[in-house]
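Notes follow the structure.
FYI, it's all coordinate maths here, none of it is from the lab. Only a predicted model underlies this, so the values are computations on that prediction, with no experimental measurement involved. Note that we place each Cβ from the backbone using ideal geometry, even for glycine, and neighbour counts take in every protein chain shown.
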Amino acid sequence: MTSRRSLTPSAARLTMSLRDIGYDFPAAVADLVDNSVSAGARRVDIVIEFDGSASRVFIADDGSGMTTYGLHEALRFGSRQGYKAGDLGRYGLGLKTASLSQARRITVVSRRQGATRPLITARTLDLDLIVELDDWIVVDPGRTPEVDRAREMLPEDGGTVVLWETLDRLLPEQNPEGGWARRRIDALTAKTSAHMAMVFHRFISGEVGEPLVITVNGEKLRPWNPFAPDEDARQELPRRTFEITIGDVSGHVSLQRFVLPSRDAFSSPAEFEKLSGPLKWNRQQGLYIYRADRLVQWGGWGGIRGIDEHTKLGRAALDFTTDLDAVFQVNVAKMRVTLPAELRPMLERPLTELCLRADDAYRKTSKRSTGDKGSPRSESSAERHTYGLALRAAAMQSGPGDYAAFKRIVESLRSSAPDIVSDLGLE
Ligand SMILES: Nc1ncnc2c1ncn2[C@@H]1O[C@H](COP(=O)(O)OP(=O)(O)OP(=O)(O)O)[C@@H](O)[C@H]1O
Ligand SMILES: [Mg+2]
């Protein structure tokens, strides 16, 4: 080695760039709740307060808390931290990047569980100070009314409170005190509740570990399970497990498939509405991808098939463990994964089977609601569509060679009789 130089990154530039790593407000809050879950919290209180330009957010947990040393390490970009299998953390960045994506000033107040001296430590990352000094600085915030509130929210026997202030990404620069700003904060609060109830539903319901209590502005969240576990008319298809090995990484992926009841088979219209989900029935169909039991991506079929009105009752849980993080390419914001290419062909057939069943459940309702008595002349497009799906399934069942031939036939039909292809739903 002839010459070597150390090029320290510019704290000012890098911190500003990291603000745009791709979080939205609910995802940023969820990344902090991940930290609370990893710290063993049983309760997380999220408080979102509108107060014009002084609006603020508190995220308080009763987890393990941190020592002063631990808190300094937590605020380092790229925390030096080892992970166990199943840990929700991965990059050593979330606390900083998620917080700064929404706020210019973050304060963490923590009290270590089981410490002999119940010391409370508070430290602040202030973007304006980092930019001014071009250095990765943390400071002691001293006692401000907000820090005092955070201290009061800390449980007696340990926990952590994260405080976001100067919410420049949420509030308009002009008139942050106005009605528009207030409505925006209210809307984000509602969106955050729905998001938490969905992405942490297995933790809230106690499906994994002790039940986790999450409150948003004092209201306790009820879990939103996309698979309607309490509906008697729900159908479940056999569970599948796949083993995947890519390079030197290998692990298991599991697939659980459900056909939700159609509107008239639901226990009540209100439950049907509730199960529609934040994106509504059509866009909530498809794969729900869970990493270590935390939902990271949902809506749509991961590029394996398109969203279709006829298959809107089909939903499937795809679970992977953190040892497969690299092959699922989980992003820093934990908002997006990529289905490994090796997994796609394995999923095709079980998902086609699910969609056939979902289409069937949908068709039965549309038949009932149109009073269709099944006469050949009143055949609906949904019904013709099912003939196409049945043909495709039969071709699949008769073997890969026949299915390849079937696809060639559809291809040639596409140029000679595109209407029939479309009528049969074979595009
Ligand atoms: N609420 C909390 N309670 C206890 N420790 C915490 C809490 N939040 C953060 N920490 C500590 O700070 C560290 C850094 O958190 P940060 O979210 O930045 O990274 P990470 O969780 O390790 O990885 P990722 O970037 O994937 O989120 C954590 O590993 C954990 O040790
Ligand atoms: Mg984290």
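What's the whole-number percent of alpha carbon pairs in the chain lying beyond 38 angstrom?
Numbers: 30885 of 90951 pairs.
Percent of Cα pairs beyond 38 Å in the chain: 34.
Output the antiparallel fraction of DSSP beta bridges having both residues in region 184-322, as a percent to the nearest 5. Could the numbers behind the result be given before it?
Details: 23 of 30 bridges.
The answer is about 75 percent antiparallel.
Counting each DSSP H run of 4 or more residues in the chain as -39500 (n - 2.57), what helix-only mean residue ellipticity at 222 nm follows after dividing by all residues, to the nearest 500 deg cm²/dmol? Write down the numbers at each step before the final one.
Details: 15 runs with 161 residues, N = 427.
Helix contribution divided over all residues of the chain: -11500 deg cm²/dmol.
For helix 179-199, what angle does its Cα long axis make with the longest principal axis of the chain, in degrees from 0 to 90 and rounded to 10?
That helix lies at roughly 60 degrees to the long axis.
Where both partners of a DSSP beta bridge lie in the chain, what percent of those bridges are antiparallel, to the nearest 5?
Details: 49 of 61 bridges.
Approximately 80 percent, going by the DSSP bridge assignments.
May I ask for the distance between the Cα centers of region 4-74 and region 123-177, given as a whole number of Å?
Using only Cα atoms to place each centre, the spacing works out to 10 Å.
If each residue of separation counts as 0.36 nm, what is the full-extension length gain between Glu243 and Arg4 once their alpha-carbon separation is subtracted?
On the way: separation 239, 0.36 × 239 = 86.04 nm, distance 4.47 nm.
Here the segment from Glu243 to Arg4 would lengthen by 81.6 nm.
Using the 10 angstrom Cβ neighbour count as an exposure proxy, how do Asp31, Asp359, Asp308, Asp134 rank, fewest first?
Numbers: Asp31 23, Asp359 26, Asp308 18, Asp134 14.
Placing the least packed residue first, the sequence is Asp134, Asp308, Asp31, Asp359.
Using only the alpha-carbon atoms, how far is helix 381-397 inclined from the longest principal axis of the chain? Give it as 0 to 90 degrees, nearest 10.
90
Of Leu424, Gly399, Leu413, which is farthest towards the positive pole of region 379-427's charge dipole, taken about the Cα centre with +1 and -1 on the beta-carbons of Lys, Arg and Asp, Glu respectively?
Checked the options; the winner is Gly399.
For region 11-220, place one equal point scatterer on every Cα, skip the solvent, and apply the Debye formula. What is log10 of I(q)/I(0) at q = 0.10, 0.15, 0.16, 0.19 Å⁻¹?
So the normalised log intensities work out to -0.40, -0.95, -1.10, -1.58.
So between Ala85 and Asn282, what do we pick up on full extension, going 0.36 nm a residue minus the alpha carbon distance? Intermediate values should be presented prior to the final figure.
On the way: separation 197, 0.36 × 197 = 70.92 nm, distance 3.46 nm.
The span from Ala85 to Asn282 would gain 67.5 nm if fully extended.
Dipole size in debye (nearest 20) for region 225-356 around its Cα centre, Lys and Arg Cβ +1, Asp and Glu Cβ -1?
In total the dipole reaches around 340 debye.
So if each residue of separation counts as 0.36 nm, and I subtract the Cα-Cα distance between Leu129 and Leu14, what length gain in nm does that give? Don't jump to the answer; show the numbers that get you there.
Working: separation 115, 0.36 × 115 = 41.40 nm, distance 1.37 nm.
Extra length available between Leu129 and Leu14 comes to 40.0 nm.
I'd like the orientation of helix 400-416 relative to the chain: the angle between its Cα long axis and the longest Cα principal axis, in ° from 0 to 90, rounded to 10.
It works out to around 80 degrees.
Work out the length of the dipole vector of region 11-220 about its Cα centre, built from +1 on the beta-carbon of each Lys and Arg and -1 on the beta-carbon of each Asp and Glu, and round it to the nearest 20 debye. All intermediate terms of the calculation are to be shown ahead of the outcome.
Working: 26 positive and 30 negative charges, 78 e Å.
Using only the charged Cβ atoms, the result is roughly 380 debye.
Charges at C-beta only: +1 for Lys and Arg, -1 for Asp and Glu. How large is the resulting dipole of the chain about its Cα centre, in Debye rounded to 20?
Working: 58 positive and 58 negative charges, 111 e Å.
Here the size comes out at about 540 debye.
With a bin width of 10 angstrom, please list the P(r) values of region 28-130 as percents of all Cα-Cα pairs, from the 0 bin to the one holding the largest distance.
Values per bin, smallest distances first: 14, 48, 32, 6, 0.
Once the dipole of the chain is set up with Lys and Arg at +1 and Asp and Glu at -1 on Cβ about the Cα centre, which of Pro118, Gly78, Leu163 lies farthest towards its positive end?
Result: Gly78.
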